[in-house]
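Structure first, then comments.
Each value in this text was obtained by applying a stated rule to the coordinates, not by laboratory testing. Being a predicted model, the structure only gives us computed values, none of them experimental. When we count neighbours, we look across all protein chains shown, and the Cβ atoms used for this are built from the backbone with ideal geometry, even at glycine.
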Amino acid sequence: MPRLISQGHNGEDSAELREYLDLCDFVMREASQNLNGMLLRGSSQYQEKAMNILTQFNFDYDMAKFSILYPTVLLLPETRHRFLKAIKEDETLLSKIVREAVQDLQGSKQDEIDEVVSELRQALTHRLKPEELKMFQRKFEKMQVKIPDDVEQMLLDAEEFSKQVRKQINSNVQVENRLSLEQLEELQELAQAQCLETPELLKLDQQVVSARDWLAKVERSQGAEISLKDLDKLVRSGKQLPVKFGEPFEGLCERLNKALDLQQRIQETFKSNKTRGAVQVATDQDIGTNNAKAAVHANSNHNVY
Amino acid sequence: MNAALQSEGEALKVSFKDLEELREKIARVNSWKTQANAFLDHQTIR
């Protein structure tokens, strides 16, 4: 922040002046909601006002600070009179009051920062939701304090991890490049230790549940009768999951292909039977004809998966 | 052949409309065959 008087000023005064202007900065930035800093408000050039106040008190820094911290005491005649009388009686009183007030003001500010940092660190021990992070970011913004570097790094690492997860759970990835269910579960375990709950991590949790559910359905379908429609649905849902299931998926596809092939052969048989009349369906002659047709048909490749 | 298709479907344990129809047709024909055989047996005895 530029200072009005910083260069070419008397070196003896500059440290005290800097401290005074720093206090004015702090009051304007952090504590100007109440009466503190009332005399400085109302202009973007509050430093100029600060200098005017300092001049008004003949460069008595403690008096200038006091007037900024407790403006009403000096503005109301009765309190002003009592105050001036008190500091006349005790020469150390003014500096003591100002010192303690500054300590209180800046100390409570630091306490507030420490508390929010500690809350954030605690919150990061489990997965922090985006809206919770936003709340903390707003708090830090309001306090005009930067999030500690190590916490910032943790958040960046968590975002990077999520990016990697996003790549892994993309169902457009070729089946051979997908993760196995075990690998997906390992990834989920790593995700549990992350400090940020991103949409990708939520999706990963969901995908693991869906993959386990899918596998259980496949296991149940094995050795049990299933409709072609449900079988097709099961294959499609397995394909949409970003998991390389291996044998269960391949076995299911094979079953579906065989069923579709059979369906087509039956339809072909019906079609040829209809031209001859339904009564002839099971005659020996028909059986021979259909056999030949079915054999031709079986050679054609109509696998869909 | 139709019976073979039916057995194939049963082995796959997959159900669909055409297979059901095939089962019904085979069952109807088998029933007709049984009746026809009974009739022929009856004729032979006579």
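Some observations on this one:
- Shielding by partners, peptide B:14-24 (average Cβ within 10 angstrom, other chains): 6
- Extending 7 Å from the Cα toward the beta-carbon at both A:Ala15 and A:Asn170 defines two label points whose distance is 6.1 nm.
- Average beta carbon contacts from partner chains per residue of A:213-225, 10 Å cutoff: 1
- Between A:Glu182 and A:Lys229, the distance separating the two model label sites (each 7 Å from Cα on the Cα→Cβ line) works out to 3.8 nm.
- Where only DSSP H runs of four or more residues are counted, chain B gives -30000 deg cm²/dmol as its mean residue ellipticity at 222 nm, each run worth -39500 (n - 2.57).
- Applying 1/(1 + (r/R0)^6) with r as the Cβ-Cβ distance of A:Gln56 and A:Gln153 and R0 = 35 angstrom yields a FRET efficiency of 0.15.
- Cβ-Cβ FRET estimate between B:Ser7 and A:Gln122, R0 fixed at 51 Å, reported to 0.05: 0.15
- Inter-chain Cβ neighbour average for residues A:230-241, partner chain, 10 Å: 1
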